[in-house]
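Q: Just dropping this structure here.
The values are calculated or read from the model by the stated rules, or taken from the named source; none is laboratory data. Computed from a prediction, not measured in an experiment: that's the story for all the values here. Because the Cβ atoms are built from the backbone with ideal geometry, glycine has one as well, and the counts that use them run over all protein chains shown.
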Amino acid sequence: MGEPNKQATIALMPGDGIGLEVMAEAEKVLRFLRDQDDLPLSWEVLDWPSTAWHQQHGRMMPEDAMDQVRQYDALLLGALGDPGPLSDPDRYCLPDGISLAPLLSFRKGLDLWACERPARLLPGAPRYLADPRAADIDMLVIRENSEGEYVNQGGRLGQGTPHEVATQLEVFTRRGTERLIRHAFRAARLRLREHGDARSFYCSEKGQAAAQVCLITKRNAQPAWGELYTEVFAEVAREFPEIGLRHELVDAACMKFVQCPWEFDVVVASNLHGDILTDLAAMLSGGLGLAPSCNINPDSREAPALFEPTHGSAPDIAGQGKANPAAMLLTTAMMLTYLGHSASAERLRAAVAADLVASEGQVRTCSEVTAGIVEHLRA
Ligand code: ATP
Ligand code: MG
């Protein structure tokens, strides 16, 4: 948690596609909250990293970008991606040099080793599950962000020959595993304090722990890191006796995310598993238009954390005013909490929730959604 009275400077990086549209809405809301709640916040809008910057300068961001972003207290990113039309068959072949690499450089360079993605089904949000218990979906998926399956070590031997072999190394360290799992338990403890007994979590009905951490692995097929994760999970769990424990194989977890997602609380997963499960969780809680996300280093404030909605640049709807800014605004709320402005963050979350109920069934443009949310903030 940041210090509420400290002046903070934020970098707003709209990026590409709908990132530009939803960032414009986030800026309106930030301005409104800063003025209404007297928040000691200022910000600068950066036109990088982005494809537009690439077109002008031949790269996604300035050479000293990492040094520049270190000066800020928090980074808010719209989306990065290829803004080309969906009909273009080459769309998925990014032109040379245009890439998502800046995102990875930020996560790695700033040592933002944990990614947090809350998934809560708000009343009025699009529902993909008919079961009435879906109203109780309220989980936090914590994903490893720095190692595991995404270390990008490997190669292709005998490329193009019938005997070609491709290898991809996965690296899991005890240090990386321990800090991730301890962070998940701390998050569960915090949620337990915040939700208390009011939480309609199934475990409490059974007289079990009202908070739970579920570990995800594929221990049966990938025993090396599966056992490391399981061992560290058991060790760290001893420090948190009030937190319930659960372990799911990732395939079973996918099934249960659809079958009974309300039975999950905090979920902790590797880089790849977390990547997949968070997209699934986003759909369970109303879709990408409502899914916030942040990349943080829970142990250190030396570098700024990076806040970005789960969605990408959505080229299919970019420039049409169709993007839902709610994911970006819920992401902005996460950033405000991080900067020590929990009350304003909570008001923003409540305004998004109230607007969802009030506008159910309506088709609105991006800025109409924001206008509705600001009305609730004003009320
Ligand atoms: P990228 O390569 O940048 O990730 P993408 O093609 O994967 O782009 P996403 O942004 O990940 O697109 O979105 C996937 C789908 O969800 C798209 O069809 C898009 O229209 C929809 N979508 C994503 N974000 C939003 C939003 N904020 N509001 C409405 N629809 C959205
Ligand atoms: Mg995408």
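Q: Six or more apart or on different chains, Cβ under 8 Å: which pairs go from a residue in the stretch 272-297 that's within 10 Å of R117 (Cβ to Cβ) to one that's β-branched (V, I, T) and within 15 Å of ligand 2 (Cβ to nearest atom)? Could you list them?
A: T278/T310; D279/T310; A282/T310; A291/T278; A291/T310; P292/T310; S293/T278; S293/T310
Q: Taking A282 as meeting all but one of (1) more than 15 Å from ligand 2 (Cβ to nearest atom); (2) more than 23 Å from V374 (Cβ to Cβ); (3) of a type outside the set (S, T, Y), write down the number of the exception.
A: Against the list (1) more than 15 Å from ligand 2 (Cβ to nearest atom); (2) more than 23 Å from V374 (Cβ to Cβ); (3) of a type outside the set (S, T, Y), A282 comes up short only on (1).
Q: How many residues does the stretch 40-53 hold that are surrounded by 20 or more Cβ atoms within 10 Å (Cβ to Cβ) and in contact (Cβ under 8 Å) with a residue 24 or more places away in the chain?
A: Here the count works out to 6.
Q: Out of all the residues in the stretch 69-79, which are over 23 Å from V22 (Cα atoms) and not charged (D, E, K, R)?
A: Q71
Q: Got a number for residues in the stretch 1-53 being hydrophobic (A, V, I, L, M, F, W, C) and in a helix (DSSP H, G or I)?
A: Looking only at that region, the number is 12.
Q: Can we say M334 is more than 12 Å from ligand 1 (Cβ to nearest atom) and within 18 Å of the chain's Cα centre (by Cα)?
A: Spelling it out, M334 is indeed more than 12 Å from ligand 1 (Cβ to nearest atom) and within 18 Å of the chain's Cα centre (by Cα).
Q: Only residues in the stretch 160-182 that are assigned by TED's automatic domain parsing to the domain that holds R143 count as the first member; pair them with residues that are surrounded by 13 or more Cβ atoms within 10 Å (Cβ to Cβ) and of a type in the set (K, R), Cβ under 9 angstrom, at least 6 apart or cross-chain, and list the lot.
A: L180/R143
Q: Of all the residues that make up the stretch 312-331, how many are near ligand 1 (Cβ under 8 Å from one of its atoms) and farther than 19 Å from E368 by Cβ?
A: 4
Q: Moving to a separate point now. Please enumerate the residues belonging to the stretch 294-321 that are within 16 Å of ligand 2 (Cβ to nearest atom), more than 26 Å from E147 (Cα to Cα) and either surrounded by fewer than 21 Cβ atoms within 10 Å (Cβ to Cβ) or among the aromatic types (F, W, Y) (or both).
A: Scanning the stretch 294-321 gives P315, D316, I317.
Q: From the list V29, V22, which residue is closer than 11 Å to M328 by Cβ, out of contact with any strand residue (DSSP E or B) (no Cβ under 8 Å at 6 or more places or on another chain) and crowded, with 16+ Cβ neighbours inside 10 Å?
A: Matching residue, one of V29, V22: V29.
Q: So M328 fits all but one of (1) at pLDDT below 95; (2) within 16 Å of ligand 2 (Cβ to nearest atom); what number is the exception?
A: Failed condition: (1).
Q: Please determine whether any residue of the stretch 295-311 is in contact with a His (Cβ under 7 Å, 6 or more places away or on another chain), in the same structural domain as L80 (by TED's automatic domain parsing) and away from ligand 1 (no atom under 11 Å from the Cβ).
A: Yes, because at least one residue in the stretch 295-311 is in contact with a His (Cβ under 7 Å, 6 or more places away or on another chain), in the same structural domain as L80 (by TED's automatic domain parsing) and away from ligand 1 (no atom under 11 Å from the Cβ).
Q: Restricting to the stretch 335-371, count the residues that are outside any helix (DSSP H, G or I) and free of Cβ contacts under 8 Å to residues at least 40 places away in the same chain.
A: Adding up the residues that qualify gives 4.
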